[in-house]
Amino acid sequence: MISNEISDTIARRIKLHIEDDFGTQKCWDQEIEILSRNMPETINFIENECTDDIFCWIGEVFEDVAEVTQSRDFITAIKKRAEKIIDEETRRSVEIDIHYAESKIDLN
């Protein structure tokens, strides 16, 4: 279920003009809602179904998902998934997104 919803949202996001801030934010909000809805399902998607391309796109909202869910398991899952990215430049980009996501987890 997550796979289809995220793929559809990313497809809409890709079609947007770079200046379409409202459309971009709408897509991000939808991605955040989808990924925050059910953390075990999200983690399963990330670990087992998510392509490198989709993973890179959803990296844009890692920080927001982490803030909303406060899930350390989410952080662990995205870190492990990032290690599997073959393209080094893509991996570095996603690792930056992960760093920002980690900063949103309340350690108290």
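Determine the sum of side-chain charges near SER3: Lys and Arg each +1, Asp and Glu each -1, restricted to other residues whose C-beta is under 12 angstrom from that of SER3.
So the surrounding residues net to -4.
I want to check the label-to-label distance for THR90 and MET1. Put each point 7 Å from Cα in the C-beta direction and report it in nm to one decimal.
Result for the modelled spin labels: 2.8 nm.
Please work out the average accessible area per residue across the chain, using the 1.4 Å probe convention, and give it in Å².
I get 62 Å² per residue for this part.
Please enumerate, by chain and number, the lysines with C-alpha under 25 Å from the C-alpha of LYS26, excluding those fewer than 8 residues away in the same chain.
Filter leaves LYS15, LYS104.
Could you work out the pair-distance distribution P(r) of the chain from its alpha-carbon pairs, with 5 angstrom bin width and percents rounded to whole numbers?
2, 13, 24, 25, 21, 10, 3, 0, 0
Of the heavy-atom accessible surface of the chain (probe 1.4 angstrom), what whole percent is carbon and sulfur?
Solvent-exposed carbon and sulfur of the chain make up 49 percent of the total.
Taking K and R as +1 and D and E as -1, what net charge do the other residues with C-beta under 12 Å from the C-beta of ILE85 add up to? Numbers along the way, then the final one.
Values: positive: LYS79, LYS80, ARG81, LYS84, ARG91, ARG92; negative: ASP52, ASP53, GLU83, ASP87, GLU88, GLU89, GLU95, ASP97.
Here the charged neighbours net out to -2.
Would you calculate the separation in nanometres between label points at SER103 and ASP20, each defined as 7 Å from the Cα along the Cα-to-beta-carbon direction?
Distance between label points: 2.9 nm.
When the chain is modelled as a GNM with alpha-carbon springs shorter than 10 Å, which of GLU19, GLU88, GLU41 fluctuates the most?
Residue with maximal mean-square fluctuation among GLU19, GLU88, GLU41: GLU19.
The values are calculated or read from the model by the stated rules, or taken from the named source; none is laboratory data. Since the model is a prediction, treat every value here as computed from it, not as a measurement. Using ideal geometry, Cβ is built from the backbone for each residue, glycine included, and neighbour counts are taken over all protein chains shown. The area values use the complete protein model at the heavy-atom level, side chains included, leaving out ligands, DNA and RNA. Shrake-Rupley method; radii C 1.70, N 1.55, O 1.52, S 1.80 Å.
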